[in-house]
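The values are calculated or read from the model by the stated rules, or taken from the named source; none is laboratory data. These numbers come from a predicted model, not from an experiment. Every residue, glycine as well, gets a Cβ built from its backbone with ideal geometry; the counts of neighbours run over all protein chains shown. Keep in mind that these areas ignore ligands, DNA and RNA; they rest on the heavy atoms of the full protein, side chains included. Shrake-Rupley method; radii C 1.70, N 1.55, O 1.52, S 1.80 Å.
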Amino acid sequence: MTPPSTTSAVVIVTGASRGIGLAIVHALLQHNARVIATARTPLSTNSAETSSTTEPSSSPSLAELVKTYPDALRYVAVDVTDERAAGMIVGEAISAFGRLDALVHNAGILDPLARIVDAPITDWVRCFDINLFSCVRLLQEAIPHLRTAASSSSLSGTSSRFILISSGAAVRPTSGWSAYSAAKSASNMLVASVAVEEPLLTSIAIRPGVVDTAMQARIRSEDAKEAMGEEGRQRFVGLFERGELLKPETPGSAVARLALSAPRELNGLFVNWDDERLPK
Ligand code: NAP
């Protein structure tokens, strides 16, 4: 494996242990980027398989990627809600690679999968902490480095990037998903706010589609029946059974291309993974 160039982009990806995040990391490495991947799962127990798929994934696990790309990939195992996490993650980017060009916030949870009347407020707080507040903490650590990279960029003279993996749930309510939808909706506004505050960054929220990951398995589970209603749950069971879920690699490569080169015209926007304005 040829080591990546010391001028190749450095990208942080949260929620990188499986699903869409793992696919983003793999695609970035294939584009010769340098990556700080982070999630809670220790590398020794990491496997590319998700509990959702009927067949084992053919994609490499994060542990395999670390072996294949020793010069380009670092893994930070930490709970993103830990108050030290943002400093550890951004610190690793700077100490390992000396710069930071893009932040991709992908870590997310659906829970509490419960109707408003039934969900303890502590579960709402946890949901917002992982989906939203952890990202604010990361931005606070990352923005100074993203500004520096943009102003001294020898890559292409472009802005640095902040890409947030949002959801259709941000704009469409689903029974039982209120905390998740509210957190994703607020995340879209965080992206729009960065766009007006940080002229050296291009900031985009992306909707990845309905993707075959552990999160979708949770939505199809019997547990979801009470919160979503059987009809609501069956919609997702049907998509899965008809083979209509996207493979994580599909939105994963779209996000990787965006993290490396984000069109300025998308700054502050919420876009679909297959929007024709995304880089090909
Ligand atoms: P997933 O397979 O469940 O992956 C979630 C990732 O987030 C895992 O890597 C997990 O790693 C990490 N994570 C969760 N809690 C964490 C914590 N406290 N600290 C650090 N990392 C944490 O789900 P996915 O479907 O790939 O979801 C990725 C993103 O896409 C999410 O933001 C989700 O909202 C969004 N999305 C997914 C779909 C879909 O259909 N799948 C649709 C719309 C949007 P560890 O467990 O190892 O910590």
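Which one, ALA72, GLY108, ASN131, is farthest towards the positive end of the dipole of the stretch 10-272 when Lys and Arg carry +1 and Asp and Glu -1 on their Cβ? Projecting each Cα onto the dipole axis, the largest value belongs to ALA72. How large, in percent, is the carbon and sulfur part of the accessible surface of the chain at a probe radius of 1.4 Å? About 52 percent, which is the carbon plus sulfur part of the accessible surface. Check cross-link reach from LYS225 to the lysines: straight Cα distance under 25 Å, and skip same-chain residues fewer than eight apart. Output for LYS225: LYS184, LYS247. Here the ratio of the Cα radius of gyration of the stretch 165-215 to 2.2 N^0.38 Å is 1.27. The dipole here belongs to the stretch 192-280: it is taken about the Cα centre, uses +1 on the Cβ of Lys and Arg and -1 on the Cβ of Asp and Glu, and is about 200 debye. Stretching the chain fully between MET88 and ASP129 yields a gain of 13.0 nm (0.36 nm per residue, less the alpha carbon separation). Placing +1 on each Lys and Arg Cβ and -1 on each Asp and Glu Cβ, with no other charges, gives the stretch 10-272 a dipole about its Cα centre of roughly 500 debye. Residues HIS26, HIS145, HIS105 ordered from highest to lowest accessible area at a 1.4 Å probe: HIS145, HIS26, HIS105. Spatial offset of the stretch 208-280 relative to the stretch 56-122 amounts to 18 Å, using the alpha carbon center of each. A simple spin-label model places pseudo-atoms 7 Å from Cα toward Cβ; at ARG235 and THR148 they are separated by 4.6 nm. Counted over all Cα-Cα pairs of the stretch 10-272, pairs farther apart than 24 Å make up 45 percent. Taking every alpha-carbon pair under 8 Å whose residues sit at least 6 apart, the chain reaches a relative contact order of 21 percent.
Any idea what the dipole of the stretch 84-211 comes to, in debye rounded to 20, about its Cα centre with Lys/Arg Cβ at +1 and Asp/Glu Cβ at -1?
Details: 10 positive and 9 negative charges, 36 e Å.
Around 180 debye, computed over the stretch 84-211.
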